[in-house]
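See below for the structure under consideration.
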Amino acid sequence: MALARLQGIHRVNRAFHSVSVSPFYGSYWGRLNATSEGITRSTNIACFYSVDNMLGQNGSEFTIQLGGTRWMSMMKVPRGAQQTSLKVTMLSPGFVYEPYEPRKPIPFWKRWFTPSGWRRTKEDLILEMKTAYAIATLRKKKGYSKKLFYQNAVTLYKEINTVLANGDITSLRKTVTEKMYSALKNELKRRESMWNRVHWELVEPLVRIRTLRARMIALDKNDLDKAFIQLTVEFLAKQRFEAYDSKGSVVAGDKNKEVLVRDLWVFERSLFHPGADWRLCARLSP
């Protein structure tokens, strides 16, 4: 009897480790493969699993569940094994869904009187509908306020740039995603190889701040509460910058001059993590 129980544990353990979880993300326009569209996408997933009374007398199958939803068909295991649940908590999708790119203007006559213009108008309408849907969902689930969001976004913009200028990003772990944190670390290393320190200053108020795109990434098409919202924000602001070498000599910039800078940042927020707040997940090329 003891030998049979040990064999049961061994088979269940082997079956568990043979599973390769390939996350797919369903958007409200359908399920989205995490490796499609030619965009490199990494995924930050924290996994926790628990085994309770695995060798009970009534169970005969091994079930893997992701976020409470059955992900795979049930796998046969020895008699006497109860169900095992795999709980997955995704901290961030790890990619930007449909990164913003400016649309090239087309003439009025071409838009309204040619087949290619009609197709373009349809595409533009779909893009705007996606943004409207994401904002509406965010407002319904989290009470979104554009004014409060912009205040928060400017605070993060100023805080992240100031911390980068000071050369210590450890305080940013809660305000950026893991992938963004790694990118900032690499950026800081490259900068330190060129300059000893830098001065950065934001001239307030900003010239302009606006939302260019909103997207929703749902983990389960049957439960849209389990989703992430991504907002692409344009910052147009005057800044002062100056870089120094190890001797304190100015090697780049001039802190007495204001430079107009345009940045595109993507902020992300979970709709299903308690206490979740906005975090920087990407910076796009203007």
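The values are calculated or read from the model by the stated rules, or taken from the named source; none is laboratory data. Keep in mind the model is a prediction, meaning the values are calculated, not measured. Virtual Cβ from ideal backbone geometry, glycine too; neighbours counted across all protein chains shown.
A few remarks follow.
- Among the residues making up the range 254-286, those that are over 18 Å from the mean Cα position of the chain (by Cα) and loosely packed, with under 14 Cβ neighbours inside 10 Å are Asp254, Asn256, Lys257, Val259, Leu260, Arg262, Pro286.
- Residues that are farther than 23 Å from Gln151 by Cβ and among the aromatic types (Phe, Trp, Tyr), drawn from the range 213-261: Phe241, Tyr244
- Failed condition for Met180, given (1) touching a helix residue (DSSP H, G or I) at 6+ places or on another chain (Cβ under 8 Å); (2) assigned to a helix (DSSP H, G or I); (3) among the aliphatic types (A, V, I, L, M): (1)
- Residues considered: Arg197, Arg190, Arg210. Of these, the only one that is within 29 Å of Gln151 (Cβ to Cβ) and assigned by TED's automatic domain parsing to the domain that holds Tyr157 is Arg210.
- Failed item in (1) touching a helix residue (DSSP H, G or I) at 6+ places or on another chain (Cβ under 9 Å); (2) without any contact (Cβ under 8 Å) to a residue 24 or more places away in the chain; (3) part of a helix (DSSP H, G or I), with Ile135 passing the rest: (2)
- Qualifying residue in the range 146-164 (condition: crowded, with 17+ Cβ neighbours inside 10 Å, at pLDDT below 95 and either touching a strand residue (DSSP E or B) at 6+ places or on another chain (Cβ under 9 Å) or not assigned by TED's automatic domain parsing to the domain that holds Val261 (or both)): yes
- Residues of the range 111-132 that turn out to be touching a residue at least 12 places away in the same chain (Cβ under 8 Å) and not hydrophobic (A, V, I, L, M, F, W, C), as a count: 4
- Those residues of the range 138-161 which are among the β-branched types (Val, Ile, Thr) and without any contact (Cβ under 8 Å) to a residue 40 or more places away in the chain, in sequence order: Thr155
- Any hit, the range 104-112, residues being aliphatic (A, V, I, L, M) and in contact with a helix residue (DSSP H, G or I) (Cβ under 7 Å, 6 or more places away or on another chain): yes
- Residue selected from the range 112-145 under the condition over 24 Å from the mean Cα position of the chain (by Cα) and surrounded by 15 or more Cβ atoms within 10 Å (Cβ to Cβ), by the criterion nearest to Leu271 (Cα to Cα): Arg120
- For the range 206-226, filtering for residues that are surrounded by 14 or more Cβ atoms within 10 Å (Cβ to Cβ) and at pLDDT 95 or above leaves 9.
- Qualifying positions in the range 249-272 - of a type outside the set (A, V, I, L, M) and without any contact (Cβ under 8 Å) to a residue 12 or more places away in the chain: Ser249
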